[in-house]
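Accompanying notes for the structure given below.
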Amino acid sequence: MGINTQAVHLRDTTIDDLRALGLAATGQTITGDDALSGGQVSALQLGPDVLLLDSYLVVAQDIHTSGLAVSSRVVEILFASTSDVYSLAVGERAADGSPTTIRHLVRSVDDIPVDEGDPIPQEAETTRLDEDTCLRLFASLTGVELLSDKILWATFQVLDELPRDEPAKKGFWGRLFGG
């Protein structure tokens, strides 16, 4: 398929809550199709949950744990198909409120540079993390089928990063490849 994007499902969260993560709605909207195919960082309110799409990989910085500041459970998939990098991460807030990584798996070409936590039951039929398995796992864990008409034609709110007073943290690619 050649998709380069990150999808994040934040349970019991609103788009306004994303301000705590440094993201705010701009007032502009785009379709899910545009968001998945090179659009801007965007969010869709799905009942009590938020679906965040980021084809620029701006929010990739440990969102499965940092997102727990506003959500009780975060499921994140990332696929950079053109460079053959795929990721699945599931985080939950522990009883004491601390963020906990349940599962974090990254495949880069044929290497597995990140393999944290025990495999989750939904991985049982997975032999290799790729676009199809990322999409299947995301749907199984969240109930959201990213390539469904419901998502592709939904109206997403475009987000922008809020100004930061501190230096930016090292991004996903830098952490993955030691840059």
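Within region 138-169, take every residue that is at pLDDT below 90 and basic (K, R) and give me the one that is nearest to the chain's Cα centre (by Cα).
It comes out as K169.
Given the options L88, L78, name the one that is closer than 26 Å to Q28 by Cα and either at pLDDT 85 or above or over 17 Å from the mean Cα position of the chain (by Cα) (or both).
L78
Give me the residue from region 1-48 that is within 21 Å of L141 (Cβ to Cβ) and among the acidic types (D, E) and, out of that set, most open to solvent (accessible area, probe 1.4 Å).
D12
Can you tell me which of D33, D84, D16, D54 is within 21 Å of D132 (Cα to Cα) and free of Cβ contacts under 8 Å to residues at least 40 places away in the same chain? Write out each step before concluding.
On the way: D33 fails: free of Cβ contacts under 8 Å to residues at least 40 places away in the same chain; D16 fails: within 21 Å of D132 (Cα to Cα); D54 fails: free of Cβ contacts under 8 Å to residues at least 40 places away in the same chain.
It is D84.
Does S55 meet the test of being among the hydroxyl-bearing types (S, T, Y) and over 18 Å from L141 (Cβ atoms)?
On the way: among the hydroxyl-bearing types (S, T, Y): yes; over 18 Å from L141 (Cβ atoms): yes.
Yes; evaluated as a whole, the condition is true for this residue.
Kindly indicate whether V8 is out of contact with any His (no Cβ under 7 Å at 6 or more places or on another chain) and in a strand (DSSP E or B).
Numbers: out of contact with any His (no Cβ under 7 Å at 6 or more places or on another chain): yes; in a strand (DSSP E or B): yes.
Yes; evaluated as a whole, the condition is true for this residue.
Do we find a residue being modelled with pLDDT under 85 and under 19 Å from T65 (Cα atoms) anywhere in region 126-137? It would help to see each step written out before you state the result.
Going through region 126-137, the residues modelled with pLDDT under 85 turn out to be 126-128.
With under 19 Å from T65 (Cα atoms) added as a condition, the list becomes none.
No.
The values are calculated or read from the model by the stated rules, or taken from the named source; none is laboratory data. The structure presented is a predicted model; accordingly, all values stated were derived computationally and were not measured. Note that each Cβ is placed from the backbone with ideal geometry, even for glycine, and that neighbours are counted across all protein chains shown. Just so you know, the surface numbers come from the protein's heavy atoms only, side chains and all, with ligands and any DNA or RNA stripped out. Shrake-Rupley method; radii C 1.70, N 1.55, O 1.52, S 1.80 Å.
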